[in-house]
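Here's the structure we're looking at; comments come further down.
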């Protein structure tokens, strides 16, 4: 679980002469960490006591700051205690799923939109990914290769791969977008892995695409990472459009 970066020794939010309530400044600090992507949509925040100790304030100030963020719709209470970052996934995913259900063409449109967003994200990831984030991607690639070598492929590996890129982009805005789309993304990738790209040859093609994307991020090569992502998602969209042409050709004249 992520923790708030402690203040330098001997410092706190209680600075003489500052105006405004301490809880407002605590809320600003918490919001900054949400905006930076340190706490992702749906992620649980550290407890009140830990936050208070890290920022050198009272638990009363932390509690008031969290209440402010709850009122703004940025965090909510967790059943059983605690607080988490809010995601709109509960409202967005059912609506997106219904749009896809009534028109398969919408899934192709969503794939194209993903392409635009993920090309941006992978460029940022290649520029800003930390060693820890590259290690996470390395582990995901190893898990994917192991599954494919055993003749299976778990959608969760693909989900983890794309969400890890989102995290490595260092953009809180992009992470929230991906959090919002996570449910429909899971459905989309299920469809990819078990229907549209279901053969062993497809498995190895996708693995090669992901390997090229990963290499671009690991090697700090934004242009290479972008080219690899464009190739991967362009290949996906082309298959969608081919399916659309087939469906259209089968309609009564």
Which listed residue is modelled with pLDDT of 80 or more and in contact with a helix residue (DSSP H, G or I) (Cβ under 9 Å, 6 or more places away or on another chain), from 219, 190: 219
Selected residue (criterion: modelled with the lowest pLDDT) from residues of the range 51-78 that are more than 14 Å from residue 29 (Cβ to Cβ) and in a helix (DSSP H, G or I): 71
Does at least one position in the range 202-217 carry a residue that is buried (at least 19 other Cβ atoms within 10 Å of the Cβ), more than 17 Å from residue 133 (Cα to Cα) and either outside the structural domain of residue 120 (by TED's automatic domain parsing) or in contact (Cβ under 8 Å) with a residue 12 or more places away in the chain (or both)? yes
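The values are calculated or read from the model by the stated rules, or taken from the named source; none is laboratory data. As the structure is a computational prediction, the values presented were derived from the model and not from experiment. All Cβ positions, glycine included, derive from the backbone under ideal geometry; neighbour counts span all protein chains shown.
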